[in-house]
1. How high is the relative contact order of the stretch A:93-240, in percent, with contacts defined as C-alpha pairs under 8 Å that are six or more residues apart?
2. Compute and list, largest first, the equivalent-ellipsoid semi-axes of the protein assembly as shown from the alpha carbon gyration tensor, each √(5λ) rounded to a whole angstrom.
3. Can you grab the distance from the C-alpha centre of the stretch B:1-31 to the C-alpha centre of the stretch B:155-186, Å, no decimals?
4. Taking Cα centroids, how far is the stretch B:220-257 from the stretch A:175-204 in Å?
5. Over the stretch A:54-93, what is the relative contact order in percent, taking alpha-carbon pairs closer than 8 angstrom and at least six residues apart?
6. Take the Cα pairs of chain A, get the Kirkwood Rh, then feed it into Stokes-Einstein at 25 °C and 0.890 mPa s and tell me D in µm²/s.
7. Can you give me the angle between helix A:98-107 and the longest principal axis of chain A, using Cα atoms only, in degrees from 0 to 90, rounded to the nearest 10?
8. With each run of n ≥ 4 DSSP H residues scored as -39500 (n - 2.57), what mean residue ellipticity at 222 nm is computed for chain A after dividing by its residue count and rounding to the nearest 500 deg cm²/dmol?
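Coordinate-derived values only; no laboratory data. Predicted model, so just to flag it, every value in this text is computed and none were measured. Using ideal geometry, Cβ is built from the backbone for each residue, glycine included, and neighbour counts are taken over all protein chains shown.
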């Protein structure tokens, strides 16, 4: 592959004061691929995503999206540059309706016509949301909310999608559906996805490449199938 | 029966002014969780600006429009300069800053305009209206007050509901971090919230001042009652602010009419205390806890 990376994280050091949570982390994601970010609780997975999207300011390193360094910019500007972050615990705005949640997603990057087109696309891809568009988002189930936040992230036509634990708290059947959806987005839209997961088996099932974080450092990095086949790694870090 | 009608209609008219003040407080609270104690001072100041314009041009409507425009500008400027640095800090910081702002604005008004009471004109006649010989307890000016506040509130509701900027305002009010993740420039949204609050405060100022006279502290009591109305409505609900304002206006009008009008401000505080004891989250709020 000679493609320039869609997302390149170079030697990031970041944390919340004191000991860094990320200690020299580098990640490269080729366009149109899914990269699984695995590791135990406290390994720095969520901090990695929060650093990319600007909520944590790195002390060192670069975050290149399409070749532009976005490190230390404000979260809203990073979002406008094409990085969509779906946080853990979902981040549905429960007081707004399903449709309003979707519309907020397109406000920053699209003109009026683009917003309408994006909404139509979302309803075509997710008929379930079309049926519920006038309802307050608070009335959706956990799985429906996960679909809503992913659909909302797509409204901005992002270059890079950051997903933090999309399977968290979902029933196994729903987990499979969400993973399937992420795979489809890569295959149909050519989206570049950074997928943070505790559920390493599901994540590696759809990912192209993966890396394992431990105590803020990358301890393994390979094709997803190779990681999944590494018995020692699975025992040590992945728990399956 | 005659008295009851007069007190009811009169209460609704005054309540509209509390509603405007309450709306201005709600607009800021829901976006930033800042209670703007300087709201009354801002409204007083913009009313002085209107007073100057009217005195020099003799044109009431020019003064009215200038007051609203300067309310917008004052809100935006104060947010950018004085309030922004308290963002994300402990809630007490913004409390102290906005109280300081109130003292500053009232002092500045005293220096520039003097402390004496000045009469401020009403848009329309203040003589009581009658239908078939029955006094209604309200004047054309009161009707204008009600229409102006309702029109402004309806315009706000339409913007909230249908405009992209209204969606930004609501999304930011409910979740700043999610809004930022979606690329909403919340700095601009917060400035806009303060500007709109300044507008509603200015509207309340020009509408109420014909009946209170204009002086540096002239909005203090109105602010307290507007705050009470906002709390009744739940502090983060624009609809609640309007309903709370009208409810408070009517209750105080009955109390003033049937018991005695000397203690209206005290009755207002009693209502506030009762609401805080019985239903501290207000009538229209979904929230169960509150930081201030």
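1. 19 percent
2. Working: eigenvalues 599, 107, 79 Å².
Here the semi-axes work out to 55, 23, 20 Å.
3. Here the two parts' Cα centres lie 26 Å apart.
4. Measuring centre to centre over Cα atoms gives 52 Å.
5. This gives 32 percent for the stretch A:54-93.
6. This corresponds to a translational diffusion coefficient of 136 µm²/s.
7. 70 degrees
8. Values: 9 runs with 82 residues, N = 240.
Helix contribution divided over all residues of chain A: -9500 deg cm²/dmol.
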